[in-house]
1. For Phe188 and Ser123 in one chain, what is 0.36 nm times their gap in residues minus the Cα-Cα distance, to one decimal in nm?
2. Considering only DSSP beta bridges with both partners in the chain, what is the antiparallel share in %, to the nearest 5?
3. When only C-alpha pairs under 8 Å and at least 6 residues apart count, what is the relative contact order of the chain, in percent?
4. Based solely on its DSSP helices, what 222 nm [θ] is calculated for the chain when runs of n ≥ 4 H residues each add -39,500 (n - 2.57) and the sum is averaged over all residues, nearest 500 deg cm²/dmol?
5. Report the FRET efficiency, 1/(1 + (r/R0)^6), for Val47 and Thr615, where r is their Cβ-Cβ distance and R0 is 25 Å, rounded to 0.05.
6. Considering only the other residues whose Cβ falls under 14 Å of the Cβ of Asp375, what net charge follows from Lys and Arg at +1 and Asp and Glu at -1?
7. Distance between the C-alpha centers of the stretch 472-510 and the stretch 329-390? Whole Å please.
8. Cβ under 9 Å from Glu439's Cβ, Glu439 left aside: what net charge do those residues give with Lys, Arg +1 and Asp, Glu -1?
Amino acid sequence: MPPSFSGMNGKEIGGMAPSLHKAVGDMTLSGDPAALAVLRDVFGYSVFRGQQEAIVGHVLAGNDALVLMPTGGGKSLCYQVPAIARHRAGLGVTVVVSPLIALMQDQVGALEEAGVHAAFLNSTLDGEAVQRIEREMMSGRLVMLYAAPERLTTPRFLAQLDSLYQRGLLSLFAIDEAHCVSQWGHDFREDYLQLNLLHERFPRVPRIALTATADDTTRADIIERLRLEEARLFISSFDRPNIRYTVVEKDNARAQLLAFLREEHAGDAGVVYCQSRKKVEETAEWLTANGIPALPYHAGLDPATRQRNQDRFLREDGLVIAATIAFGMGIDKPDVRFVAHLDLPKNIEAYYQETGRAGRDGLPAHAWMAYGLADVVNQRRMIDESPAGEEFKRVQRGKLDALLALAEAHDCRRVRLLRYFGEESQPCGNCDNCINPPETWDASEAARKLLSCVYRFRQQNGQRFGSGHLIDVLRGKVTDKVTQFNHDQLSTFGIGKDLGENEWRSLVRQLIALGCLQVEGEYNTLELTGAARPVLRGETTVLLRKPAPVKARGKDRTRTRAPSPSAPVTLDDHAQARFEALKAWRAEIAREHNVPAYLVFQNATLAEMALVAPTTLGQLAQVSGVGAKKLEAYGQDILRVLAED
Ligand code: ADP
Ligand code: ZN
């Protein structure tokens, strides 16, 4: 029994009065040795990350917690470590509520690989399997049970929990993806609303709720609906320092994507988000034809195909998935190296959630987006034409504006992203603008010319035009349309010959982003807004990023390259060969055990092995991610693979 619990047996603690919880807390809170022992020998990690230690200590001592941590922050350990330590102390089983079958299976697979007795109950199991698991649970042998919320609230399951509770063998409730309780979020699950009964029925069992959703409304909902008023709130920074943010101007988006993948992510797993199902399918086909194996995923595929594609993405190394936003929640794959957007997301929340699926393992990852004038126009129109009320549209427009400002930014993108979520920070050094500060130019005069040209159209014959015609007029091009409308007679005809078409297009886009121009109607015509007035009067300076020079097709030389992401640390040729050999060995084991490769060992762990090239089990045990169980199961094998090289 770990020292922090000495003198108490499980029954006493499991059924103790609230004041006793506190007493245990005082004994265990600082640098808990039981927790550290679990972290080291079960998970093979040497130190806790960020707030993990405080959270684990708090929960281990029997207190409630609400944990807000970004994706990849390490939420699982926050309840798994206390669950294991409390089980070791004789406190019984931890029940983990999780909304997704795929997630449960992965978590349980990972725990079993690490030698922790865990199981899940869901609709995929037959009656016999269910009974076996129930027996394990009722005996108190099981450490963690994962269950869907609807199962948890069945009379049968509640009766079983009652029995455990009375015997002091119900240790902890962990409520994962706690934002599902909020009706405002897009992941709302009716069954989560029932979970407040846990507190009413088992008041002495501590609860930990976890989510990666940061906004205030959701947080308030979770606290209220799960009755967590007394819980301590742990809020982590939402920064994801290992993700590099890059936004490129759309030129030829497909070619740009291909160059990005070939130059920076050859052989890597990643997600390419597209707006429409059709585009998803075309993109997957096109990537595959170009030598990058890719699968489609969208809500229109038949369920079997969709499931198969998702499984392959999770299990195989280096697959790309082209997807609509339907693909996302529950993608727990830690080694997604890039998330690319071929179309503009709806708003910053969506962008951050989607890009957050990259680099959960903490290794360098990339969020890449190509965006152009058409994206801006489309998103505006989708809002304008939606049947929603005016107030809702106003909010949506505001959110889109914030995203556009991020895309057009010439300063640190991370600073802007974090500020949007209420966090102040310093330039990050790991976004395109920090690495390659874009040149800016004073576009005030050009903006004035452009806006007054729009004004003249209107003045001349009350008509509006789209950006193509506007740019022709500014550049003094005589087209049929120019002749038809006598636009060569306008004072603004040809006043913009000094700038190229590309520059004008970029200016139109940025003026829309700034809210000086508004796109309207079926033909995407442009109209001035109130915000254009100070610019026209010369009262505000318009400082804009210089448009990227027109590049040779598909070449994107304005960006520096990210460190080769398939190898998480810099490996010399020998170490790289060892890394490849270890990956091949891992693939075999994963096939044998029928689990995703990353459940055997993550890339970071294999890379460290390749780098250090241990020759003894003792040395191997020092590698981060090698716990006692895995050392025993695979140690000799790994040493052999390393020796062969
Ligand atoms: P989340 O659920 O918050 O998205 P996970 O729990 O999946 O994050 O953890 C993300 C990754 O970080 C996992 O690969 C996990 O193994 C790793 N990790 C978590 N905590 C630690 C730690 N203390 N030391 C090393 N790696 C850790
Ligand atoms: Zn930056």
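Derivation of every value follows stated rules applied to the coordinates shown; laboratory data play no part. As the structure is a prediction and not an experimental result, all values here were calculated from the model. Note that we place each Cβ from the backbone using ideal geometry, even for glycine, and neighbour counts take in every protein chain shown.
1. In short, 21.4 nm is gained.
2. Just about 15 percent of them are antiparallel.
3. Normalised by residue count, the contact order of the chain is 14 percent.
4. -14000 deg cm²/dmol
5. Using R0 = 25 Å, I get an efficiency of 0.50.
6. Here the count lands on +2.
7. Distance between centres, Cα-based: 33 Å.
8. +2
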